[in-house]
Amino acid sequence: MLAVVVLPHTMKAQRGGDALYMLLHLTQSSKVASLGGNQVGLPASDLSMLLHNPGLLDSAFSKQVSLSYVPYLADISYGYGGGALHFSKVGTFALGFSHIGYGEMTAADESGVITGTFTAGETMIQASYSRMLYGRIRAGISVKPVISRIESYDSWGIAGDMGVFYTDSSGLFTAGLVLRNFGRQITSYGQAEVESLPADLQAGLSFKPAHAPFRISLTAQDLLSGSLDYELNDDEGSDIRRDYDKASDLEKVLRHFTLGLEFMPSQNFYVAGGVNPRRRIDMKTQSKASTVGYTWGFGFRVYKFHFSYASGRYHLAGTSNHFTISTNLSSF
């Protein structure tokens, strides 16, 4: 019912940079963060990956609990917690909770006189359900109410994800297709106009060669947006366009993709790396790119707990660190 109500309002191309409720677009899973920040065709290892594709949810997650924490840039931090249960002949359900805090900021009046401080943040609840459709194709849906508060202004809305996930008979090839974050605001900040959320159609796949400890993953994103350029204002208030028009056709195509590579010598350990071309192009400086857009991480199992860590270079001035821990309560 949710899809019928909100989907017609979101099926339009969105210009890069336009978004509401940034919590919906952040990477919670350390595994995904290490592989470029977004993968929808990769087999899931923890529940926070469901925020990329609810079709990843299966019965193996029953009684799993997962926690993630990200000390982001500046004083911003966010995290996720979730659990799942499977019911025979019904399907698998998951419930998650996510919050981002933007830290304490200085408040000032129109003349610039400081009047104190204020805070801002967003909170989201994620309710997911999945079941096998037929053969090796599994489908899932997530409903995500979100509330945002900036100083004394509140807004809340509802978003949804619909996704499918396919695994071949060997388990070496997987693929996913998902429509993420379709929905709209229910109430806006103050007297602002209520807006639709920018839906994102994504497709991804992963492949592990037989008898080789490697897996390659690739995801195409923003498939509803033909152009990912955006406009900025210079110091005089004039609109200026990022160097998108000067980019080659290949560079414009690469902005839609995220690439990841894993090395898995055992089931209890992995090392991963990735590249996000769009992030690299958008966030590099004119004089230097360095490692902007590249990510890396690792994961390991100790006793009955899985730990993973990732580092993502978003800009020359800042790097984010991602931490995830998960376990299955049925193993105790």
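Laboratory data are not the source of any read-out in this text; all were calculated from the coordinates shown. As the structure is a prediction and not an experimental result, all values here were calculated from the model. Cβ: placed from backbone, ideal geometry, glycine included. Neighbour counts: every protein chain shown.
Considering every Cα-Cα pair within segment 148-196, what fraction, in whole percent, is farther apart than 15 Å? Roughly 61 percent, once rounded to a whole number. For the peptides 118-126, 301-309, the ranking by mean Cβ contacts within 10 Å, running from highest to lowest, is 118-126, 301-309. For segment 110-122, 3J(HN,Hα) computed residue by residue from phi via the Karplus equation (6.51, -1.76, 1.60; θ = phi - 60°) reads 5, 8, x, 6, 5, 10, x, 9, 8, 10, 8, x, 9 Hz, glycine and proline entered as x.
Within 10 Å of each candidate Cβ there may be at most 12 other Cβ atoms; applying that plus a DSSP loop requirement, which trypsin sites (Lys or Arg not before Pro) in segment 73-156 survive?
On the way: sites: K89, R131, R136, R138, R149; in loops: K89, R136.
Qualifying residues, ordered by number: K89.
Separation of the alpha carbons by more than 26 angstrom is noted, of K63/K208; K31/K89; K63/K144; K31/K208, for K63/K208; K31/K89.
Compactness of segment 69-123 was expressed as the Cα radius of gyration divided by 2.2 N^0.38 Å, which yields 1.87.
In terms of Cα atoms, the Rg and Dmax of segment 30-99 work out to 13.0, 47 Å.
Using the alpha carbon gyration tensor of segment 17-169, what are the three equivalent-ellipsoid semi-axes (square root of 5 times each eigenvalue), largest first, in whole Å? Its equivalent ellipsoid spans semi-axes of 35, 15, 13 Å. Compared with the alpha-carbon gap, the fully stretched path from F87 to I137 is longer by 16.2 nm at 0.36 nm per residue. Along the charge dipole of segment 92-184, Cβ charges K/R +1 and D/E -1, which of S148, L95, G112 sits furthest on the positive end? Result: L95, furthest along the dipole toward the positive end.
The phi-based Karplus calculation (6.51 cos²θ - 1.76 cosθ + 1.60; θ = phi - 60°) puts the 3J(HN,Hα) values of segment 146-156 at 9, 10, 10, 9, 10, 6, 9, 9, 10, 8, 9 Hz, whole numbers, x for Gly and Pro. Taken over segment 114-206, the convex hull of the Cα atoms encloses 123 Å³ per residue.
Modelled spin labels at R301 and S152, positioned 7 Å past Cα toward Cβ, are 5.4 nm from each other.
Extending 7 Å from Cα along the Cβ direction at N321 and again at V194 yields two label points whose distance is 4.3 nm. Projecting label points 7 angstrom from Cα along Cα→Cβ for T291 and A74 puts them 2.4 nm apart.
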